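Everything on this sheet refers to the single structure shown next.
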Amino acid sequence: MDARGDIMPQAHPPNPSIVPPLNFAMVAPGIYRSGHPNKKNFPFLQKLKLRSILYLCPEDYPSENTEFLTVNDIHLFHVRIAGNKEPFSEIDQNDIAQALVHLLDVRNHPILVHCNKGRHRIGCLVGCLRKLQNWSMTSIFDEYRRFAGTKGRIADQEFIEVFDWNVPYDLKHAPKWL
């Protein structure tokens, strides 16, 4: 109570800020994409109630992130994919097919798929998923460029275009939107 006898509202501690990872977006129901999450993104990720994370970088997963996954009972799938950096390296179709198998199994949903910036490797993976969804190449490339911006790579778009979309996923556990 204050000096006049009025009841004072209780002060509440501020809510932790909810900050999504770089380039975060929903790909399809149950599938999200982003750049590499860090500690400030953890409260946001907790709100998604993730079951799995699919990590597409060649490097080991950072211990701080691994601890977050353990505490929140989130399964990590790690497909080590090098980016398309001509003439030195290119993405392997088998790696993308393996990643798609994880994405197309609803037992892994909700799932966040990420690489470092959420541009190139994720752009290739999502582009190949869009082929499975029968999107036009124009729409696939528009989406790719939306995330890659001025850093888009012709090699990534060529990869998506020639990707053999005969991925051996389990129809029994495939998402309804496929």
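Going by what's in this entry, would R153 be described as closer than 27 Å to K49 by Cα, among the charged types (D, E, K, R) and surrounded by fewer than 20 Cβ atoms within 10 Å (Cβ to Cβ)?
It is false that R153 is closer than 27 Å to K49 by Cα, among the charged types (D, E, K, R) and surrounded by fewer than 20 Cβ atoms within 10 Å (Cβ to Cβ).
Which numbered condition trips up L103, out of (1) free of Cβ contacts under 8 Å to residues at least 24 places away in the same chain; (2) surrounded by 22 or more Cβ atoms within 10 Å (Cβ to Cβ)?
Just one mismatch for L103, condition (1).
Residue check: is L76 assigned to a strand (DSSP E or B) and surrounded by fewer than 18 Cβ atoms within 10 Å (Cβ to Cβ)?
yes
Name every residue in the stretch 116-158 that is under 17 Å from Y32 (Cα atoms) and either in contact with a Leu (Cβ under 6 Å, 6 or more places away or on another chain) or small (G, A, S) (or both), in order of residue number.
If the condition is that a residue be under 17 Å from Y32 (Cα atoms) and either in contact with a Leu (Cβ under 6 Å, 6 or more places away or on another chain) or small (G, A, S) (or both), then G118, R121, G123, G127, A148 are the ones that fit.
When you check D142 against the structure, is it under 19 Å from F24 (Cα atoms) and loosely packed, with under 13 Cβ neighbours inside 10 Å, yes or no?
The answer is yes for D142.
Just checking, how many residues over the stretch 136-178 are in contact with an Asp or Glu (Cβ under 8 Å, 6 or more places away or on another chain) and not charged (D, E, K, R)?
8
Where residues in the stretch 127-139 are without any contact (Cβ under 8 Å) to a residue 40 or more places away in the chain and hydrophobic (A, V, I, L, M, F, W, C), which of them is surrounded by the fewest Cβ atoms within 10 Å (Cβ to Cβ)?
Here the answer is M137.
Which one is modelled with the lowest pLDDT among residues in the stretch 42-58 that are out of contact with any helix residue (DSSP H, G or I) (no Cβ under 8 Å at 6 or more places or on another chain) and either assigned to a loop (DSSP other than H, G, I, E, B) or closer than 19 Å to F147 by Cα (or both)?
Only one residue fits best here, namely P58.
For the stretch 59-71: of the residues being out of contact with any Pro (no Cβ under 9 Å at 6 or more places or on another chain) and assigned to a helix (DSSP H, G or I), which is surrounded by the fewest Cβ atoms within 10 Å (Cβ to Cβ)?
Filtering first and then ranking leaves S63.
The values are calculated or read from the model by the stated rules, or taken from the named source; none is laboratory data. If you're wondering where the values come from, they're calculated on a predicted model, not measured in any experiment. We place every Cβ from the backbone using ideal geometry, glycine too, and count neighbours over all the protein chains shown.
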